[in-house]
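> My structure is below; once you've seen it, I'll send some questions.
No value in this document is a laboratory result; all are computed from the given coordinates. Values in this document were obtained by computation on a predicted structure and should not be read as measured data. Cβ: placed from backbone, ideal geometry, glycine included. Neighbour counts: every protein chain shown.
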Amino acid sequence: MMDWTDRHYRYLARLLSRRVVLYTEMVHAQAAIHGDRERLLGHDPAESPLVLQLGGADAGDLAEAARIGEAWGYSAINLNVGCPSDRVQSGRFGAALMAEPEHVAEVTGAMVEAVNIPVTVKCRIGIDDQDEYADLERFVTTVAGSGVETFIVHARKAWLQGLSPKANRDIPPLRPERVQHLKAEHPGLAIQINGGIRDWETARAQLHPATGPALDGVMVGRAAYQDPWLLQAVDPTFFGEPAPVATPEEAVAAWLPYAQERHADGAPMTALTRPLLGLFSGRPGARRWRRILSEGAPRAGSGPGLIREALAAVVPARAAG
Ligand SMILES: Cc1cc2nc3c(=O)[nH]c(=O)nc-3n(C[C@H](O)[C@H](O)[C@H](O)COP(=O)(O)O)c2cc1C
């Protein structure tokens with residue numbers, strides 16, 4: 001997610017779950033080719049499994065960017081065919097590409113050819129007036145023909161004409177049954193669902209339904225940064241493995257050496273506290289924690305001691321609460 005799933009957020013997420021598959025922010029293919037690769041693609045090996053999400057529409061550029069991503073150690077390459085922003089529409093990529101399945105298949109075919117890691121696609125269930133199940137079916141069948149075996153489907157359509165990008169994440173209704181139908185029709189494809197999943201009971205109902213096809217994965221967006229502690233339950237709940245940390249305090253203790261190292265490398269405290277802001281969401285001391293970090297981080301001379309200070313302020317509140 002743009003502006004959220006940067007390398008610092010992902011490092012925190014990995015401290016909370018060894019199993020969750022992490023995604024980068026969307027990186028435009030041209031940026032991966034011509035831009036500052038260390039800034040755009042650099043990551044800690046601990047973040048793996050880590051998927052590089054690319055945006056773009058040009059087959060040659062995307063194949064080249066996928067090759068670069070593979071060389072940088074990513075576990076898979078994902079093509080964004082779901083983003084509805086104006087900038088994305090004018091560049092003829094993101095969700096607008098759902099109207100051009102043959103073109104997308106040409107792009108993904110070139111990407112599949114270019115790399116030895118999986119190439120996956122994230123899309124919507126439809127766009128504008130192309131929102132019948134048959135439109136989704138045609139898109140997926142065409143793109144799967146190029147060698148893509150995994151689709152992550154945001155279970156709401158995007159209204160490219162008329163709704164803002166933000167409204168497009170909330171207003172069109174979720175239709176998870178469309179994604180289930182897709183899986184039923186394509187048992188050989190890995191179909192994952194995204195949209196509105198905020199707790200593991202909802203996720204489990206998609207992965208292990210009482211009736212109907214089981215989906216192959218759930219992708220959690222906003223809840224994963226608004227309430228990152230959610231991720232701590234992933235390993236025990238879905239993999240029968242112990243969680244890497246037992247409390248948010250332990251996660252902060254594990255984060256501190258990372259923050260110290262990155263701060264010494266020049267990362268600003270605003271970037272090193274942002275992933276932590278929601279860590280105590282819904283728990284005693286949450287507001288205080290967020291306030292100390294968000295007020296303190298931009299101050300001149302702030303350092304990782306700020307995180308210790310914030311923790312000391314909320315731990316008594318948690319003990320009392
Ligand atoms: C701030 C923000 C940035 C996002 N950036 C991306 C992105 O870079 N690539 C992408 O595929 N989706 C992006 N999304 C969409 C989410 O991945 C997800 O599809 C959407 O929010 C619905 O899932 P959720 O209800 O779990 O959040 C973004 C969403 C938000 C709120």
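> Around Ala214, under 12 Å between beta carbons, what's the net of Lys plus Arg minus Asp minus Glu among the other residues?
Result for the neighbourhood of Ala214: +1.
> Another question, if that's okay. Within the set of other residues whose C-beta is less than 12 Å from the C-beta of Pro49, count the net charge using Lys and Arg as +1 and Asp and Glu as -1.
Neighbour charge sum, excluding Pro49 itself: +3.
> Could you work out the relative contact order of the chain? I mean the mean sequence separation of Cα pairs under 8 Å and 6+ apart, divided by the number of residues, in percent.
It comes to 14 percent, rounded to a whole number.
> In addition: For Ala190 and Ala253, calculate 0.36 nm times their separation in residues minus their Cα-Cα distance, and state this gained length in nm to one decimal.
19.0 nm
> Could you name the lysines whose alpha carbon sits less than 27 Å from that of Lys166, not counting residues in the same chain fewer than 8 places away?
Lys122, Lys157
> So which trypsin sites (Lys or Arg not before Pro) in the range 235-321 pass both tests, a DSSP loop state and at most 13 other Cβ atoms within 10 Å of the Cβ?
For trypsin sites (Lys or Arg not before Pro) across the range 235-321 that sit outside H, G, I, E and B with at most 13 neighbouring Cβ atoms in 10 Å, the list reads Arg299.
> Report the extension gain between Leu163 and Ala271 in nm, rounded to one decimal, defined as 0.36 nm multiplied by the number of residues separating them, less their alpha carbon distance.
35.8 nm
> May I pose another question? Please work out whether the range 7-235 counts as rounded, prolate or oblate from its C-alpha gyration tensor, where a ≥ b ≥ c are the square roots of the eigenvalues and a/c under 1.5 means rounded, while otherwise a/b larger than b/c means prolate and anything else oblate?
Cα axes put the range 7-235 in the rounded bin.
> May I pose another question? Report, in debye and to the nearest 20, how large the dipole of the range 248-320 comes out about its Cα centre when Lys and Arg carry +1 and Asp and Glu carry -1 on their Cβ.
Roughly 360 debye, rounded to the nearest 20.
> Take the alpha carbon gyration tensor of the range 67-191, find the square roots of its eigenvalues, order them as a ≥ b ≥ c, and report rounded if a/c is under 1.5; if not, report prolate when a/b exceeds b/c, else oblate.
Oblate, since a/c reaches 1.5 and b/c is not below a/b.
> Still on this structure, I have one more. With everything on Cα atoms, drop me the angle between helix 248-264 and the longest principal axis of the chain, reported from 0 to 90° to the nearest 10.
Relative to the chain, helix 248-264 is tipped by roughly 90 degrees.
> Measure off 7 Å from each Cα along the Cα-to-Cβ vector at Glu100 and Arg222, then give the distance between these two points in nanometres to one decimal.
Between Glu100 and Arg222, the simple spin-label model gives 3.0 nm.
> Just flag the chymotrypsin sites (Phe, Trp or Tyr not before Pro) in the range 232-321 sitting in loop per DSSP whose Cβ has no more than 10 other Cβ atoms within 10 Å.
Listed in order of number, the matching sites amount to none.
> Helix-only estimate, please: 222 nm mean residue ellipticity of the chain, summing -39500 (n - 2.57) across DSSP H runs of length 4 or more and dividing by its residues, to the nearest 500.
-13000 deg cm²/dmol
> Which of the aspartates and glutamates could a cross-linker span from Lys183 if the Cα-Cα distance has to be under 18 Å and same-chain partners fewer than 8 positions apart are dropped?
Asp131, Glu132, Asp135, Glu137, Glu149, Asp216
> Between 0 and 90 degrees, rounded to the nearest ten: what's the tilt of helix 101-114 against the longest Cα principal axis of the chain?
The angle comes out at about 60 degrees.
> How many angstrom separate the Cα center of the range 283-306 from the Cα center of the range 182-212?
Each part reduced to its Cα centre gives a spacing of 38 Å.
> Also: To the nearest 0.05, how large is the calculated FRET efficiency for Asn116 and Ser294 if R₀ is 45 Å and r is the Cβ-Cβ distance?
That gives a FRET efficiency of 0.60.
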